[in-house]
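Presented below is the structure to which this report refers.
The values are calculated or read from the model by the stated rules, or taken from the named source; none is laboratory data. These numbers come from a predicted model, not from an experiment. Neighbour counts are summed over all protein chains in view; Cβ atoms, including those assigned to glycine, are modelled from backbone coordinates with ideal geometry.
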Amino acid sequence: MLLVHLSAQSTLEWQHCLGGSQNEQANCVEQTQDGGYILAGWSLSTDGDITGHHGTAATDYWVVKTSDTGSLLWEKSLGGNWEDQATAVRQTADNGFIVAGFTASANNGDVTGFHGGYDYWVVKLSSTGNLEWQKCLGGTSTYGDKAYDIKQTTDGGYVVAGSTMSTDGDVTGHHGTLNNDDYWVVKLSPAGDLEWQKALGGSDDDVARSVDQTADGGFIVAGNSESLDGDVTGHHSTASNTDYWVVKLSSFGTIEWERSLGGTGNDNANCVQQTTDGGYIVAGESFSMNDGDVTGHHGSLGNYDFWVTKLSASGALEWQKCLGGNGGDLARSVDQTDDGGYVLTGQSNSSNGDVTGSTPGNFLDLWAVKISSTGALQSQKTWGGTDSESGSSVQQTADGGYIMAGGTSSNDVAVSGNNGTWDYWLIKLSADATSVMETGAHEFDITLTLSSEADQLLVRTEGPSANAQLMLFDALGSTVFSTNMVGSQHTVSIGSFNPGVYLVSLSGVNGVYHSRRFVKPW
């Protein structure tokens, strides 16, 4: 028997615009261990919320730390006299932050070790935003090397993914010519030293957008590929069109398997995450008109849909889902939720199909979508004003709600406090999102009770749970506790755990997963 429990749609708890009189765009947000948020992107302004901007006509990295209600605690401009754009930020095990993106600033300002063109630029900050170290990675290609994602690894180092056109410097093994991108995956030590690097692709353009460390210590990488050769197999169209390209690497960067997904149009993957069943969720957008792997596309030729694909642990396609309407719908971020489903964000200018509530007269809205563990649409909501918004990043928060970041040029309807043309836009949604728990005859749910001293966590289940596996994960995804649960409750001693956000996961012998998050305050 399948039981489905639904609750009401999310509501807006609060929103904040951050920036100055020029343009800013947030590319990444993450909840921090103190319950607040860290954001990173780029800024052109020298006023408003922004201090310390470098140069006068080019972008800086702009890193922002907020409280749990979105109030600005500190901000940091990083860069030199030319273009610097941050694409990803993560909190590190020492409560500092690692930021990645790309720079064209030639050894000035905060930038040293520049190779030419564009370089990967990785910056380590303290918990208060002080610069601890920085590292340029790349070669001398004019169009250079651009990082789009970074994660801290279980050994305390970092994995970075993006693209390279270089054939020298730090880059070896590039495919194709100087005019073509390869995936470029780089492994760094905790101090930022290069441990290994891997160029992946074929003779056309291959751009990695997302990376995640996997439970076996390897890595999953996703982006888009135009190649029909080299490391790429199974491409669905000609070299002028892109496929999702998903690559599984060992802990040392060796290809274990790779998978092309798509149809005869352009299909671009922007985010990948390992799921609790050991598989992978990949999200982006599809231009393919119901051919190849793509079914259920909305609209007509010339418009993108959100495209979500679920892969098994070995890369086999389990299901796929197109979401959207008659306009352009671009998914930028996905996060698995406590109920086993997924939340996505991106942007939409559709007004029909799956998209309802778009702001009248606008060009683009931020679009938030909740789907079940099998891809069924549970809820959706457009957010914005009468100008334009974009959604870049989403994460479920410890209270079961959602934090989203992107950009806005509006100052009405759902948006207030805009400082200029485009601002960072940070929005918090309630925990009342539509959620689905899918269980069979061995249904169970989780109730968590934290002791007043925050040193004991009581985990209770409702329903049969014999031989269920109980696991706790920290904010970096590392396993901090594991046991086979006997009976309906278990007490976990957490006095030695660091303060922060933790995930409690329970998996039954029938393959059912359920999870809850909690915050250890001290």
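Consider ASP68 carefully, then state whether it is more than 21 Å from the chain's Cα centre (by Cα) and acidic (Asp, Glu). Answer is no for this residue.
Applying a threshold of 7 Å to beta carbon distances and a minimum spacing of six or more residues, or different chains, the list of pairs starting in the range 225-245 at a residue that is closer than 20 Å to CYS271 by Cβ and ending at one that is among the β-branched types (Val, Ile, Thr) and surrounded by 22 or more Cβ atoms within 10 Å (Cβ to Cβ) reads SER225/VAL232; SER225/THR242; GLU226/THR242; TYR244/VAL282; TYR244/THR309; TRP245/VAL232.
Looking only at the range 433-440, decide whether some residue is at pLDDT 95 or above, touching a Gly at 6+ places or on another chain (Cβ under 9 Å), crowded, with 18+ Cβ neighbours inside 10 Å and not basic (Lys, Arg). Within the range 433-440, none of the residues are at pLDDT 95 or above, touching a Gly at 6+ places or on another chain (Cβ under 9 Å), crowded, with 18+ Cβ neighbours inside 10 Å and not basic (Lys, Arg). For the range 347-361, the count of residues that are closer than 19 Å to ASN268 by Cα and either in contact (Cβ under 8 Å) with a residue 60 or more places away in the chain or in a strand (DSSP E or B) (or both) is nonzero. The set of residues in the range 125-157 being closer than 18 Å to ASP170 by Cβ, in a strand (DSSP E or B) and not small (Gly, Ala, Ser) consists of TRP133, GLN134, LYS135, CYS136, LEU137, ASP145, LYS146, TYR148, ASP149, ILE150.
Only one entry in VAL459, VAL480 is of a type outside the set (Ser, Thr, Tyr), assigned to a strand (DSSP E or B), at pLDDT 75 or above and under 24 Å from LYS151 (Cβ atoms), namely VAL480. Identify the residue in the range 167-191 that is of a type in the set (Gly, Ala, Ser) and within 18 Å of PHE219 (Cβ to Cβ) and, among all such residues, is nearest to the chain's Cα centre (by Cα). The qualifying residue nearest to the chain's Cα centre (by Cα) is SER189. Here GLU13 clears all of (1) surrounded by 23 or more Cβ atoms within 10 Å (Cβ to Cβ); (2) touching a residue at least 40 places away in the same chain (Cβ under 8 Å) except the condition numbered (1).
Would you call ASP205 surrounded by fewer than 22 Cβ atoms within 10 Å (Cβ to Cβ), within 24 Å of SER288 (Cα to Cα) and touching an Asp or Glu at 6+ places or on another chain (Cβ under 7 Å)? For ASP205, the condition - surrounded by fewer than 22 Cβ atoms within 10 Å (Cβ to Cβ), within 24 Å of SER288 (Cα to Cα) and touching an Asp or Glu at 6+ places or on another chain (Cβ under 7 Å) - is met. Of the residues in the range 38-54, not one is over 21 Å from the mean Cα position of the chain (by Cα), assigned to a strand (DSSP E or B), at pLDDT 95 or above and farther than 15 Å from LEU426 by Cβ.
Considering only residues that are farther than 21 Å from GLY391 by Cβ and touching a strand residue (DSSP E or B) at 6+ places or on another chain (Cβ under 9 Å), which ones fall in the range 276-309? Within the range 276-309, THR276, ASP277, GLY279, TYR280, SER288, ASN290, GLY292, ASP293, VAL294, THR295, GLY296 meet the criteria. Residues in the range 84-123 that are small (Gly, Ala, Ser) and not in a strand (DSSP E or B): ALA93, GLY96, ALA104, SER105, ALA106, GLY109, GLY113, GLY116, GLY117. Beta carbons closer than 8 Å, at least 6 apart along the sequence or on distinct chains, pair a first residue in the range 55-66 that is closer than 16 Å to ALA88 by Cβ with a second that is among the β-branched types (Val, Ile, Thr) and outside any strand (DSSP E or B) for TRP62/ILE50; LYS65/THR32. Within the range 384-400, if we keep just the residues that are within 16 Å of the chain's Cα centre (by Cα) and in contact (Cβ under 8 Å) with a residue 60 or more places away in the chain, the residue that is farthest from PHE518 (Cα to Cα) turns out to be SER390. Just one of the listed residues (GLY48, GLY36, GLY19, GLY55) is in contact with an Asp or Glu (Cβ under 8 Å, 6 or more places away or on another chain) and on the phi > 0 side of the Ramachandran plot, and it is GLY19. Within the range 486-506, the set of residues being aliphatic (A, V, I, L, M) and in a strand (DSSP E or B) comprises VAL492, VAL501, LEU503, VAL504, LEU506. When we screen VAL160, VAL123, VAL99, VAL89 for residues that are crowded, with 24+ Cβ neighbours inside 10 Å, touching a Cys at 6+ places or on another chain (Cβ under 6 Å) and under 24 Å from SER478 (Cβ atoms), the only hit is VAL89.
Residue check: is ASP267 under 22 Å from ILE220 (Cβ atoms), charged (D, E, K, R), out of contact with any Gly (no Cβ under 9 Å at 6 or more places or on another chain) and touching a residue at least 24 places away in the same chain (Cβ under 8 Å)? For ASP267, the condition - under 22 Å from ILE220 (Cβ atoms), charged (D, E, K, R), out of contact with any Gly (no Cβ under 9 Å at 6 or more places or on another chain) and touching a residue at least 24 places away in the same chain (Cβ under 8 Å) - is not met.
Does THR233 fit the bill of being of a type outside the set (Phe, Trp, Tyr), surrounded by fewer than 24 Cβ atoms within 10 Å (Cβ to Cβ) and modelled with pLDDT under 95? It is false that THR233 is of a type outside the set (Phe, Trp, Tyr), surrounded by fewer than 24 Cβ atoms within 10 Å (Cβ to Cβ) and modelled with pLDDT under 95.
Among the residues of this structure, GLU30 does not count as one that is of a type in the set (D, E, K, R) and either in contact with a helix residue (DSSP H, G or I) (Cβ under 9 Å, 6 or more places away or on another chain) or farther than 17 Å from ILE150 by Cα (or both).
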